[in-house]
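See below for the structure under consideration.
Here, each number is a calculation from the coordinates, and none is a lab measurement. Since the structure is predicted, the reported quantities are computational estimates derived from the model, not experimental observations. Glycine gets a Cβ as well: all are built from the backbone with ideal geometry, and neighbour counts include every protein chain shown.
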Amino acid sequence: MSWGSELWDQFDNLEKHTQWGIEFVEKYTKFVKERSEIETSYAKQIRNLSKKYQPKKNSREEDESKYTFCRAFVTSLNELNDYAGQHEVIAENLTSQIISELSRYLQELKSERKLHFHDGRKAQQHIESSWKQLEAYKRRFERDCKEADRAQQYFERMDADINVTKADVEKRSSHKARQHAQSRHQMASDSKSDYSSYLQKFNQEQNEHYFNVIPNIFQKLQDMEEKRIDRIGVCMKTFADVDRQVLPIVGKCLDGMTKAAESIEPKTDSKQVVESYKSGFEPPGDVEFEDYGQAMKRTASDTSLTSSREAKEKPVGKSKGKLWPFIKNKNKGSGPEDFSHLPPEQRRKKLQGKIDELNKDIQKEMDQRDALTKMKDVYVKNPQMGDPASVDPRLSEIAQNIEKLQFDSQKFEGWLAEVEERMPSKSDTNRRSGLYETQNNLTVSNNSTVSNNCAQDRERPLSSPDGSYTEEQNPETQVKANINPVLPTSSTPEFDDEFDDDETLPTIGTCKALYPFEGHNEGTIAVAEGELLYVIEEDKGDGWTRVRRNEDEEGYVPSSYVEVFLETNAKGAMTYI
């Protein structure tokens, strides 16, 4: 159906309808623009969310990267960041493929509509002008006809007037009336001819207007409107296609998140906890029964030293079990360079990591040295390219760096070898913790020999001052250390209670220091390797033994640093080291 034939008289309504069509395009453009802004805002929020939960650059990040669930979360965050990028693509495509296109098309649409309605108004004005001209011809013809009728009537009245007596006057008046009537009839005839001629012309123009000019203009408007509707349909399809185009990549992002989730291995993470925190020590063995009733069986034949010790012995109720291995050490820090503050297993890992890091630095420096050496060779062969001597300072600096790095690497390798030599074999880790009878003769400072018939030691490895494993004097008892003792702090209630007691504890045996111990913490005592000391309180299972050098110097030393010889008849002769 054609607008030109069906709506020939609906010029004003078509003008309103096409204006509404333009407003609809503007409304749809605004809708797409707001959708694009939503996508941009959403993408920004998603990116910020991903960035917010990314692991921070700190020491904790290295620990987190060991676990599969942490790595999976980081992967999911990266995929989410890519997912946000696809929403940015949607916003960009909406802007370029719809908003920009419609904005440009709107300008063209407005110009075309304005042109068509301008032509329509011009044609309308022309036909209205022709109609007015026709009306003018019609009115003139009507007026001339009336004037001719009046002139004719006047002539007839003058010719029939019998009252006129004078023949000349009568003749002259009648003659003028006849001429006037004839003139009016001629004018009426000319007006009729003009009116008829213009009427024919108007009918042709009107026919041209309503069957040619207006239909052509309305047809152009119809084509314009149909193109507008088609363009809106294309844009709506593009609106959906913009989303559909990113679906494959969005799907890959979601697949990446799913794959990351599926990569989580609980068993592996559980094993990693062991690898991260394993100290290399064995848990303490059974605590032996201490038969305090033996004191009643002692007789006067005991040595005076024993009698003196019994007289000064602390009341049983005064002794408290120490929980030092389970109290966190407040003296935190980076620790010594050789990581001797760490348990053996953790120390070995740290040393190995440090060696690997140094080897990478050495390789990097060597690569630079090789590159500079080649450059120097080129300068030697082609002096015009550069001075060979200009490279020497840098080569010298690199050589010094390599030498220093190699020295540090050898130093750490030495510590690592020391740790690995002292680490027990796997078969030792399966050995049950039991009691072994040992007999040892110790020569004290006054050259007197104290004989121990049945000093029973709980199997415990000895750790060197740097925290690594060492071997016992008896190679048959090389095992893992049971406890990584935490040094007591001044805030430990049990420690304060015991040292606040002014009573002097009796000696229950002697010990020999296997390694030097600096004793920086409060309540400990420094000892030198090979030094002989008196034991005044045996290990209660916390990894510490209380010793005395003289009446004024006493304190705790790691049980794994000393070899203890308890007296047979002394109270608490059973030791836990």
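Shown here for the stretch 1-104: trypsin sites (Lys or Arg not before Pro) in loop regions (DSSP other than H, G, I, E, B) with at most 13 other Cβ atoms within 10 Å, namely K56, K57. A full extension of the chain between V378 and A261 corresponds to an added length of 36.7 nm, given 0.36 nm per residue minus the alpha carbon distance.
Considering only Cα atoms, the convex hull volume of the stretch 16-153 works out to 96 Å³ per residue. Here the label points at K349 and Q204, each 7 Å from Cα along the C-beta direction, are separated by 10.7 nm in the simple model. The C-alpha atoms of the stretch 12-79 occupy a region whose extents along the principal axes are 78, 18, 8 Å, arranged from largest to smallest.
Ranking F24, Q97, N58 by how far each Cα lies toward the positive end of the dipole of the stretch 1-103 (charges on Cβ) leaves N58 at the top.
Quick check: from the Cα gyration tensor, does the stretch 343-395 come out rounded (a/c under 1.5), prolate or oblate? Taking the square roots of the gyration eigenvalues as a ≥ b ≥ c, the stretch 343-395 is prolate. In a DSSP loop and with at most 11 other Cβ atoms within 10 Å, the chymotrypsin sites (Phe, Trp or Tyr not before Pro) in the stretch 206-291 are F289.
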